[in-house]
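The values are calculated or read from the model by the stated rules, or taken from the named source; none is laboratory data. Here the structure is a predicted model, which means the values were calculated and not measured. Cβ placement follows ideal geometry from the backbone for every residue including glycine, while neighbour counts extend to all protein chains displayed.
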Amino acid sequence: MDVVLIMLGILGFGAIVTSAYVFTVAARNYVTDDDKRYRGNSGEGSLHGLIARNTSDRRGGKPVTFPLTVNGLLIANDRRTLPDRRLAY
């Protein structure tokens with residue numbers, strides 16, 4: 001019985017040490033101020049991997065009527081129930 005308890009204690013301590021190591025490595029990688037890892041090997045890119053978009057990539061604000069066909073898929077009706085999608089429920 002003592003051997004079983006000692007083994008459980010050793011395994012539990014190992015699990016705590018392993019989880020603490022994983023947590024600290026993940027926290028260090030998440031909180032780091034090193035900008036190089038977002039730019040890739042070529043050094044190009046923007047901060048935090050954000051992609052700069054021009055105005056033609058964004059929504060034009062033109063009203064849409066349903067049924068609508070997008071990429072060959074028929075969309076029968078709008079899923080949104082509120083007139084302004086930014087309103088909180």
**OP:** Under 7 Å between Cβ atoms, at least 6 apart or on separate chains: pull out the pairs that start in the range 48-73 with a residue that is surrounded by 10 or more Cβ atoms within 10 Å (Cβ to Cβ) and end on any residue that is modelled with pLDDT under 70 and among the hydroxyl-bearing types (Ser, Thr, Tyr).
**Re:** Gly49/Tyr38
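Across the range 29-47, what is the number of residues that are at pLDDT 65 or above and exposed (fewer than 10 other Cβ atoms within 10 Å of the Cβ)? Steps first, please.
Within the range 29-47, the first condition is being at pLDDT 65 or above, and the residues that meet it are 29-32.
After this cut, where a residue has to be exposed (fewer than 10 other Cβ atoms within 10 Å of the Cβ) as well, the list is 30-31.
Residues that pass the stated criteria total 2.
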